[in-house]
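Chemist: Following this message is one structure expressed as structure tokens.
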Amino acid sequence: MKVKEIDRNLLEKVRDEISHCLEPIGEKHGIELKLGRCSYSSGNFTMKLEGSLVGDDGVVLTKEAEDFKKYAHWHGLEPEDLGKTFVQAHVVYTITGLKTRARKYPITAKASNGGSYKFAADSVKRLLKGETLPASQ
């Protein structure tokens, strides 16, 4: 079947197929490969391919993880806090990185249910100490 036009549905299918093909390549070389943002028109598209090393401990060294190690002290955190866990509203979160351009919520974390979330640095500092936050934070 020849495609007449590129649309969102086609790109979702193509992205899934490419992602499936990237997994064995990444495993072979010890890196994580994933597709980033995509732009398209009716006749062409571009997808960003991102690659990250996987450490011996299984942690993916993303740009956000590297930035956390470099700039955690700017936010009152330690580079060793990367990978630490904290609890907020009965959910366990693991610190995964820092987005340098995010002013309000620079700390990224993965929830035990698999979702990715962002937090204010002050909130994370308090949660790492075991404090609880008011519901509004």
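Bear in mind these aren't lab numbers, they're just calculated from the coordinates by the rules spelled out. Computed from a prediction, not measured in an experiment: that's the story for all the values here. Because the Cβ atoms are built from the backbone with ideal geometry, glycine has one as well, and the counts that use them run over all protein chains shown.
Chemist: Would you give the gap between the C-alpha center of the range 60-137 and the C-alpha center of the range 1-31, rounded to a whole Å?
Modeler: Each part's Cα centre sits 31 Å from the other's.
Chemist: Also, quick follow-up: Starting from the amide H of V92, placed 1.01 Å from N in the peptide plane, find each other amide H under 5 Å away whose residue is 5 or more places distant or on another chain.
Modeler: When sequence neighbours closer than 5 places are left aside, the close amide H contacts are S112.
Chemist: Counting each pair of different Cα atoms once, what's the Kirkwood radius of the range 80-137 in Å, rounded to one decimal?
Modeler: Taking every pair of different Cα atoms in the range 80-137, averaging 1/r and inverting gives 11.4 Å.
Chemist: Counting other Cβ atoms within 10 Å, which trypsin sites (Lys or Arg not before Pro) in the range 16-120 have at most 12 and lie in a DSSP loop?
Modeler: Here the sparse-neighbourhood loop sites are R101, R103, K104.
Chemist: Compute a Gaussian network model of the chain, connecting alpha carbons closer than 10 Å, and tell me which residue from L98, L11, L33 fluctuates the most.
Modeler: Sorting by GNM fluctuation, first place goes to L11.
Chemist: Provide, as a two-decimal number, the C-alpha radius of gyration of the chain over 2.2 N^0.38 Å, N being how many residues it has.
Modeler: Details: Rg = 18.3 Å, N = 137, 2.2 N^0.38 = 14.3 Å.
Rounded to two decimals, the normalised Rg is 1.29.
Chemist: Just the Kirkwood number for the range 1-58, please: inverse of mean 1/r across all distinct Cα pairs, in Å, one decimal.
Modeler: Final number for the Kirkwood radius of the range 1-58 is 12.8 Å.
Chemist: G97's amide H: which non-local residues (gap 5+, or another chain) put their own amide H closer than 5 Å, with H modeled 1.01 Å from N in plane and none for Pro or chain starts?
Modeler: T108
Chemist: Enumerate the calculated ³J(HN,Hα) couplings along the range 93-110 in order (Karplus 6.51 cos²θ - 1.76 cosθ + 1.60, θ = phi - 60°), each rounded to whole Hz, writing x wherever the residue is Gly or Pro.
Modeler: Listing the rounded values in order: 10, 10, 5, 10, x, 9, 9, 5, 8, 8, 7, 7, 10, x, 8, 9, 8, 10 Hz.
Chemist: Also, I was wondering about something else. Over the chain, what relative contact order in percent results from Cα pairs under 8 Å that are six or more residues apart?
Modeler: Relative contact order of the chain: 14 percent.
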